[in-house]
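In what follows, a structure is listed as structure tokens, so that the remarks can point back to it.
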Amino acid sequence: MPASDQDSDFDIPSRPERAWRPETELVHAGTLRSPFGETSEALFLTQGFVYGTAEECEARFAGPDGGFLYSRFSNPTVAMFEARMAAYEGAEAARATASGMAAVTAALVGPVKAGDHVVAAKALFGSCRWVIEDYLPRFGVSSTLVDGCDLDQWRDAVRPNTKLFFLESPTNPTLEVIDIAAVAGIAHAAGAVLVVDNVFATALWQSPLTLGADCVVYSATKHIDGQGRCMGGIILASEKFIQDHVHMLLRQTGPCLSPFNAWVMLKGLETLSLRIERQTATAAAVADALAGHPKIARLVYPGRSDHPQAAVVRKQMRGGSTLVAFDVAGGKAASFRFMNALRLAKITNNLGDSKSLVTHPAITTHQRLSAAERAELGIGDGLIRFSAGLEHQDDVVADLLEALKAV
Ligand SMILES: *Cc1c(COP(=O)(O)O)cnc(C)c1O
């Protein structure tokens with residue numbers, strides 16, 4: 001392919017098309033075809049791009065013609081992933097990152113400067129909490145952590161210098177559900193932006209931008225890859241939010257997504273809705289089989305009517321979750337016996353895989369917190385977070401019930 005043909009052969013989509021239903025966008029949106037006319041998305045494993053002439057090179061650098069310069073800034077395979085995610089989420093713009101934490105960090109750091117204040121729900125993924133509590137203060141950004149389900153705490157935490165609100169919903173690992181529209185209202189009244197980590201809900205079941213959030217972040221490592229292979233992340237927002245807060249930060253500091261990982265993510269997106277629907281059905285079956293079981297002390301599942309925020313779930317989510325949280329009666333020893341007796345579900349700290357997984361948050365993702373902090377978040381020593389895989393639902397339920405007999 002002559003390099004000089006690149007501009008005419010590539011139709012680079014700068015804005016998401018919302019021409020089709022989300023499932024259709026997941027298969028087609030953002031596809032860039034090379035002159036070979038390949039059916040599937042090409043893997044552009046290249047660092048740089050060549051220019052036919054010095055004039056073309058000058059023009060590419062000077063003007064926003066949309067052409068590619070360097071894969072730290074942008075790459076055709078990565079651009080396809082970004083455009084497809086933007087179309088699916090209904091966002092104006094998207095930027096892919098090397099991991100979910102790179103996405104969260106850029107979305108948290110980008111909008112603030114020294115002297116600003118951040119309010120966040122305290123039930124957070126461990127690394128997100130570290131960025132807010134341990135890292136931002138080094139640069140003079142203070143924070144207040146609140147109980148995300150208590151709207152008065154969000155209101156009371158606002159200070160004149162509050163610039164950013166951050167939350168995850170459902171929360172990790174206890175699957176509490178925070179009223180995103182209400183928190184967005186409080187943030188905007190305070191002149192702050194709301195960033196939502198939507199990993200636990202997935203884009204299939206919850207659209208934070210529609211609920212009033214200014215920015216959505218995902219760890220693509222989870223359901224988007226969906227088969228436990230590649231790390232990745234993505235930030236979705238208005239073009240203005242991306243330009244004002246994220247674009248230069250990512251370009252100049254370099255947490256870019258590998259084109260290979262973007263290619264794997266694109267493959268994952270084609271089956272995202274099928275997988276999430278199936279995994280949600282399995283999680284719901286697990287929740288129903290385990291709720292009320294004599295060896296389960298407490299179970300939280302956003303699809304059940306006994307969920308503590310069932311009314312908020314109905315209002316803002318289109319489906320339950322692929323995750324279930326439950327306390328094995330008898331604490332740490334009992335939960336260890338349960339995990340060790342599982343034959344199918346694997347012991348890990350990850351989620352959103354095709355393999356069913358169990359995580360013991362107190363010894364893994366939330367091990368850094370003190371026992372008192374964990375207790376405050378409802379993370380007991382017997383708590384298990386279950387992530388439904390793609391195995392047959394009956395096998396998964398049987399595995400869990402059988403393992404409970406060992407408790
Ligand atoms: C996994 C996860 C992250 C971090 O993503 P990585 O891809 O591991 O960097 C952030 N937030 C939530 C809710 C997660 O589950």
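Within the option set 262, 285, being part of a helix (DSSP H, G or I) and surrounded by fewer than 20 Cβ atoms within 10 Å (Cβ to Cβ) holds for one residue only, 285. With respect to the conditions (1) over 19 Å from residue 315 (Cβ atoms); (2) out of contact with any helix residue (DSSP H, G or I) (no Cβ under 9 Å at 6 or more places or on another chain); (3) away from the ligand (no atom under 16 Å from the Cβ), residue 129 falls short on a single one, namely (3).
Looking at this structure, is residue 234 open to solvent by less than 30 Å² (accessible area, probe 1.4 Å), within 12 Å of the ligand (Cβ to nearest atom), in a strand (DSSP E or B) and touching a residue at least 24 places away in the same chain (Cβ under 8 Å)? Here the answer is yes, as residue 234 does meet what is asked.
Of all the residues in the stretch 217-229, those that are open to solvent by 20 Å² or more (accessible area, probe 1.4 Å) and more than 8 Å from the ligand (Cβ to nearest atom) number 3.
Based on this model, can you work out whether residue 156 counts as in contact with a Lys or Arg (Cβ under 8 Å, 6 or more places away or on another chain), at pLDDT 95 or above and among the acidic types (Asp, Glu)? Answer is no for this residue.
Restricting attention to the stretch 365-407, the residues that are among the polar types (S, T, N, Q) and at pLDDT 95 or above total 2.
Filtering 354, 335, 370 for residues that are of a type outside the set (A, V, I, L, M) and within 22 Å of the chain's Cα centre (by Cα) leaves a single hit, 354. Using the structure shown, decide if residue 241 is outside any loop (DSSP other than H, G, I, E, B) and within 16 Å of the ligand (Cβ to nearest atom). So residue 241 fails the test.
Count of the stretch 338-366 residues, restricted to those that are within 15 Å of the ligand (Cβ to nearest atom), among the polar types (S, T, N, Q) and either in contact (Cβ under 8 Å) with a residue 12 or more places away in the chain or open to solvent by 60 Å² or more (accessible area, probe 1.4 Å) (or both), is 5. Only one of the numbered conditions (1) more than 14 Å from the ligand (Cβ to nearest atom); (2) in contact (Cβ under 8 Å) with a residue 40 or more places away in the chain; (3) among the charged types (D, E, K, R) is violated by residue 214, and that is (2).
The values are calculated or read from the model by the stated rules, or taken from the named source; none is laboratory data. Just so you know, these numbers come straight off a predicted model, no measurement behind them. With ideal geometry, Cβ positions are generated from the backbone for all residues, glycine too; neighbour counts draw on all protein chains shown. Accessible surface areas use protein heavy atoms only, side chains included; no ligands, DNA or RNA. Shrake-Rupley method; radii C 1.70, N 1.55, O 1.52, S 1.80 Å.
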